[in-house]
1. Can you name the residue in the stretch 522-553 that is surrounded by fewer than 17 Cβ atoms within 10 Å (Cβ to Cβ) and under 30 Å from ALA144 (Cβ atoms) and is also modelled with the lowest pLDDT among such residues?
2. All but one of (1) under 16 Å from SER248 (Cβ atoms); (2) buried (at least 17 other Cβ atoms within 10 Å of the Cβ) hold for THR421; state the number of the condition that does not hold.
3. Is it the case, given these coordinates, that TRP135 is loosely packed, with under 14 Cβ neighbours inside 10 Å, at pLDDT 75 or above and closer than 25 Å to ASN559 by Cβ?
4. With THR434, THR399 as the choices, which residue is modelled with pLDDT of 75 or more and not small (Gly, Ala, Ser)?
5. Could you list, in sequence order, the residues of the stretch 337-369 that are part of a loop (DSSP other than H, G, I, E, B), touching a helix residue (DSSP H, G or I) at 6+ places or on another chain (Cβ under 9 Å) and not charged (D, E, K, R)?
6. What are the pairs with Cβ atoms under 9 angstrom where one residue, in the stretch 317-344, is over 14 Å from TRP275 (Cβ atoms) and among the acidic types (Asp, Glu) and the other, located anywhere, is modelled with pLDDT under 85 and crowded, with 18+ Cβ neighbours inside 10 Å? Sequence gap at least six, or different chains.
7. Does the stretch 413-431 contain any residue that is modelled with pLDDT of 95 or more and in the same structural domain as ALA358 (by TED's automatic domain parsing)?
8. If I filter the stretch 53-71 for residues that are touching a helix residue (DSSP H, G or I) at 6+ places or on another chain (Cβ under 8 Å), surrounded by 11 or more Cβ atoms within 10 Å (Cβ to Cβ), at pLDDT 50 or above and not acidic (Asp, Glu), do I get at least one hit?
Amino acid sequence: MKQMKIFPFMIFLGALSLFAQTEISKTEDDKSVEPTKENSKPIAETNSKSYTELYEDPNTGQIFTKPGTGRVKIEYAKPLLNSNITTLPDAFAHRPDDTRKEKLTIYGRVQFRGVSGSIQSPYSNGHSDFNALDWNFRRVRFGATYENDWWGLNVQFRMENMVNRVNTVTTTTNVVTSVENNNGVIETVTTPVVNNVRMTDNRGHIHDASVYAKHPYAGLRLTFGQINTQFTREYLQSSANFITLERSIITNAIPQFDIGMMVSANPLQRLGNKWEKYLQVSLMVGNGKGAGGDYGTGRRQDLTTANRWGTVLISPTYYARIQYNVFGGLKREADGKEVNWQEGEEVFQRDMKLSLGAGMVQTANYQPNTLSVPEFTPGTTNAFNLLNGQQSNPDRGTTVNSTVNNIVMTLPNYNVQNNVTTPGRPSFGLVGHTYDYTFTYQGGYISGAYTRFTGAASNNLNAWHTTVGYNFKVGEKFYLMPVLKYEEIRGDFHRDGNSNNPNDILRVYWAGINFFGDKHHFKAQLFYQILGNKFDVNPNTGNYTAIDDRRIYLQLQGNFWTGTISPEAYSYRQN
């Protein structure tokens, strides 16, 4: 753990030294021309460029078409090639002369879903199976990315959080009055009176926000901001590219996004460009408390706001991931160019593709918010914590006053509550490991992962899942892909100290079909889900009993990218 604490500083210093070695050279024309009328030209004159560069002499106010001593270039007078686009104000620098070369990508996505369920699922009104239909927005996303030769940024909004209505909070005050009843007796009457109504904060609109710098050495990239946690394969996969409807439940053990910094690289690039897409490595340090839109901390995402948690636990969380693409990256249909691995896009490749990955997460104090995932929470039980609750007191526990032989002594508190540390359980540390793969060939598809957590906060949680399918091409551009998925997760969900209890197992079965109208850009998905569990309790016997929870989902997705750079050119994923 001591070694882990210093590695973010080593990463940062090493990256700075690499950037310092890069020389940025600019070519300028130092040729000067005297500001005389003889060498001035009409403004309408054009040269080899598609616009006329204008220069002003601030002393005389004369306008010239060539640079000269004391002349200032007039940026705002430069027209763009596309006459339908107006010129931006002077403060906006670095716009290309040809706006068709602008390295800006705008993207958006809508996932609209209908769900119906059996009588014990959350998607039934309680009278009979599949008698109600719940329509909802699963995701509504909108964002933009800018990238040039050495830096870029990405901003994305989680707009489904804006669609949902804001709740109201009502504050009341009891008003006591004296009232004479029919018998002439004075009685005291207490009446609650509403004195304040306010809306709660509708937090979590920012889904992804980061700025990054690139270096050509081994594809090095430094990223700062709200970033994907570099752990499981499914959390790095864009939800636009899902083969099944949802990520596996084990991914919800830790947040999908975190606030921090990351360094990533393609180390085999040093062997030649041919090897660039084979190996990807990323290291990340974050707060470990999630992000605002991902069941995280909301408006304030720093760790030192004591009134948010009650106890300040400022231990960072470390993430690491390595991914080896055995047969290289993916190939674009348009030109056959090899691009970075994009999980979910490989199902449209006909060549053999195999990707192997492993990830690790570690922290000294695990303190997330409770994750309530409707797609995995059985209808007649409360939301259950995947890991061992939230640490609510300082490391090593608190002390209590105890009287022994009439003497008051201060002793360690050995309270055995799940969220209280003791000298025997000094902190709620967590270590997680995951191993995953994806294989596809000629339309055949299989993917899976095994994940295990250890440590005081782990709840002895472990899980595995696998997905199989076959992607049939129909005509020139349509695809039909039947899919089967099974996932199993084990842990001490009943909080009885026995993680090997067969009643502490959740099995999830998926069967469905994908219709790709424009690959992942337009997609219709019809899936059937069964949650196999014994999380309910028989009120007559007190024994654990199964919950009959079966569901049918129909989801339509529209997804677009627009801009001058293909999305395959980037190594980030839209989540």
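1. PHE522
2. (1)
3. On the way: loosely packed, with under 14 Cβ neighbours inside 10 Å: yes; at pLDDT 75 or above: yes; closer than 25 Å to ASN559 by Cβ: yes.
Taking the combined requirement at face value, the residue satisfies it.
4. The conditions single out THR434.
5. Going through the stretch 337-369, the residues part of a loop (DSSP other than H, G, I, E, B) turn out to be 337, 340-344, 349-352, 364-369.
With touching a helix residue (DSSP H, G or I) at 6+ places or on another chain (Cβ under 9 Å) added as a condition, the list becomes 337, 340, 342-344, 367-368.
Across the stretch 337-369, the qualifying residues are ASN340, GLN342, GLY344, GLN367, PRO368.
6. Qualifying pairs under 9 Å: GLU343/ARG573.
7. Within the stretch 413-431 (the criterion being modelled with pLDDT of 95 or more and in the same structural domain as ALA358 (by TED's automatic domain parsing)), the answer is yes, since at least one residue qualifies.
8. Here is the first cut: in the stretch 53-71, the ones touching a helix residue (DSSP H, G or I) at 6+ places or on another chain (Cβ under 8 Å) are 54.
When the remaining residues are screened for being surrounded by 11 or more Cβ atoms within 10 Å (Cβ to Cβ), the result is 54.
Next, from what is left, pick out any that are at pLDDT 50 or above: 54.
Filter once more, so that each one left must be not acidic (Asp, Glu): 54.
The answer is yes; a qualifying residue exists.
The values are calculated or read from the model by the stated rules, or taken from the named source; none is laboratory data. Since this is a predicted model, take the numbers as computed values, not measurements. Note: ideal-geometry Cβ built from the backbone for every residue, glycine included; neighbour counts use all protein chains shown.
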